[in-house]
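Structure, as structure tokens:
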Amino acid sequence: MAKTSTTTQGLRAAIERSGYYPALVAEAVEAAVGDEGIGSYLVHQETTFDANEVRRHVTVLVLTGTRFIVSHTDEQAADSSSPTPYATTSTESVKIGRISSVVVSRVVANPESYTPGSLPREVVLTIGWGAVSRLDLEPAACGDPNCEADHGYTGSSTADDLSLRVSEAGDGPEAVRQTLAFAQALSEATTATGRDTGH
């Protein structure tokens with residue numbers, strides 16, 4: 001897939017609009033993408049408050065013809081290891097065939113009057129590819145309330161590599177729309193990969 005300049009320019013513009021160290025973020029993402037074409041992308045900035053400090057974090061998701069690329073950039077205040085504030089950027093490249101789940105949770109106001117195509121109030125996008133799993137355990141029990149036997153444990157394992165929450169109130173309707181579009185593109189890519197490999 002050849003790199004389309006329109007999509008590449010759109011990604012660069014979205015990174016610059018975030019206003020969060022755009023030169024640093026763009027360089028890391030472009031190095032990870034390399035010569036591949038960009039099919040879809042999502043840029044999401046979060047601001048958190050930690051005691052007396054405001055911390056920013058930007059996540060950039062990129063879908064190419066063969067890979068799902070995740071970039072995280074965080075800023076840090078000066079500390080014992082650095083006399084000046086600094087930022088850390090990481091990128092991860094995942095083959096599309098490794099993606100095991102794409103979960104889209106939508107929060108809709110007034111569901112009784114919902115009309116198809118209406119924008120949700122909030123979207124949570126969770127993507128799993130097996131790098132991080134969460135294990136929730138609890139003591140197992142039987143139906144007898146007087147039973148004192150040890151029944152071991154029961155639980156569930158959940159792929160939880162990446163989770164993004166985007167809301168209309170906090171991020172704007174366009175961010176919600178872009179999140180849904182990216183989730184759909186990623187879901188379609190994983191389906192196409194399954195067909196191509198015969199799974």
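The values are calculated or read from the model by the stated rules, or taken from the named source; none is laboratory data. Here the structure is a predicted model, which is why all the values come from computation and not from measurement. Neighbour counts are summed over all protein chains in view; Cβ atoms, including those assigned to glycine, are modelled from backbone coordinates with ideal geometry. Ligands, DNA and RNA are excluded from the accessible area calculation, which covers all protein heavy atoms including side chains. Shrake-Rupley method; radii C 1.70, N 1.55, O 1.52, S 1.80 Å.
Which one of these does residue 132 not meet: (1) over 26 Å from residue 25 (Cα atoms); (2) surrounded by 10 or more Cβ atoms within 10 Å (Cβ to Cβ); (3) at pLDDT below 75?
Single failed check for residue 132: (1).
List pairs: first residue in region 60-87 and surrounded by 17 or more Cβ atoms within 10 Å (Cβ to Cβ), second residue among the aromatic types (Phe, Trp, Tyr) and in a strand (DSSP E or B) anywhere in the structure, Cβ distance under 6 angstrom, at least six positions apart or on different chains.
Note: pairs meeting the criteria are 62/41.
Only residues in region 22-36 that are without any contact (Cβ under 8 Å) to a residue 24 or more places away in the chain count as the first member; pair them with residues that are of a type outside the set (S, T, N, Q) and open to solvent by 40 Å² or more (accessible area, probe 1.4 Å), Cβ under 6 angstrom, at least 6 apart or cross-chain, and list the lot.
Qualifying pairs under 6 Å: 22/16; 26/12.
Filter region 93-123 down to the residues that are touching a Phe, Trp or Tyr at 6+ places or on another chain (Cβ under 9 Å), in contact (Cβ under 8 Å) with a residue 40 or more places away in the chain and outside any loop (DSSP other than H, G, I, E, B), then identify the one that is most open to solvent (accessible area, probe 1.4 Å).
93
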